[in-house]
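What follows is a single structure, written as structure tokens, with notes after it.
Here, each number is a calculation from the coordinates, and none is a lab measurement. Everything numeric here is computed off the predicted structure, so don't read it as measured data. Cβ: placed from backbone, ideal geometry, glycine included. Neighbour counts: every protein chain shown.
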Amino acid sequence: MPPIQTKPYYAAGLAAFIIWGFIPIPLKALAEYSSAQILFYRIAFSVLLLLLVSGIFRRKELLATWRQVIASSAKEKRSFLLYTLLGGLLLTVNWLAFIYVVNHISIQVGSFSYLLCPILTAMLGFLLLKEKLRLNQWLAIGISAVSCVMIGSGEMVSLLFSLLVGLTYALYLITQRILKGYDKIVLLTLQLLLSFALIAPMYAYLSDTAAVPVDARFFGVVAILSAGFTVLPLFLNLFALKELTSGTVGIMMYINPVINFLVAFLYYNEQTTLAKSVAYLLIFISVIIYNLHLKGRKKRGNGLVIPAVGTNAVLK
């Protein structure tokens, strides 16, 4: 049992990933609308909420981040701008791909993507940041590769979308690791503002090409998606990280895709094949192997970086 003083942080961490686990439900409720429409309004609502929260409750953090950037060297400023912009672009692609996968391919594929994500993040950390990997982590990567081959041999499109979702999220985590000295909420707000600025000029085109026009029901579900499945679990996750180690919250992260799978099979009656079932099982095994000896992994700097949002936060 966790100590009494840390129980609220455990509860917050668990609540965040449980909420993200059910994110396919509001997304599926919007399946008749285009993925681009859903993305546009989800970003718009999320940015509005984050700006309101930051303006009312987090002005000190905003000013502190501003002073931090102003006081940094020219090289650090360029790095901040580059990786903030890159993070916004990656988040936009990740959200769009995940929405499309859940609504037009299957929830299973989206869940598989986020199970792959920690393994992909480890590989990218090794290739881009020169982080060391232990033998058990290389073994987990190998097992994950086998599971990808099994998925791809039956449905190459599913595998490619899984890799797109997983890779964009893993690359996003890498950018957040580089910007780890900055406030996560402020970074996310800036990234979503950049994302909104990127897609806002395309709004007229998205509206004209949409098969179904937006209505009150659409805005209601998007508001729930943005407030209840994006901003709320984000703050719960950050609250948990105040006292819990990234390794502990990293283990909790796997609650998310597990619930996704349960929702897919039990609520939406999605079907699967034997090959896919074995591939999913291999991914679960690889995740367990990868997370062995968390203390040792933390000393080597290989700990799983938990994003500011899902977030499936970041976000999903």
HN-Hα J in Hz across the stretch 234-245 - Karplus 6.51, -1.76, 1.60, θ = phi - 60°, x for Gly and Pro: 4, 5, 4, 5, 5, 4, 4, 5, 5, 10, 8, 6
field: Ellipsoid semi-axes in whole angstrom, largest first, where each is sqrt(5λ) of the Cα gyration tensor of the stretch 138-179
entry: 23, 14, 4
- request: Treat every Asp and Glu Cβ in the chain as -1 and every Lys and Arg Cβ as +1, leave all other atoms uncharged, and give the resulting dipole magnitude about the Cα centre to the nearest 20 debye.
  value: 1380 debye
task: At q = 0.06, 0.08, 0.16 Å⁻¹, work out log10 I(q)/I(0) for the chain with the Debye formula, treating every Cα as an identical point scatterer and leaving solvent out; two decimals please.
output: -0.19, -0.35, -1.45
query: If the limit is 29 Å between Cα atoms, which of K242/K276; K28/K180; K184/K276; K75/K184 go over it?
result: K242/K276; K28/K180; K184/K276
- prompt: Under the Karplus relation 6.51 cos²θ - 1.76 cosθ + 1.60, θ = phi - 60°, what is the ordered set of whole-Hz ³J(HN,Hα) values for the stretch 157-163, x standing for Gly and Pro?
  reply: 4, 4, 5, 4, 5, 4, 5
- line: HN-Hα couplings for the stretch 57-67 via Karplus (6.51, -1.76, 1.60; θ = phi - 60°), in whole Hz with x for Gly/Pro, come out as 10, 10, 5, 4, 5, 4, 5, 5, 5, 4, 5
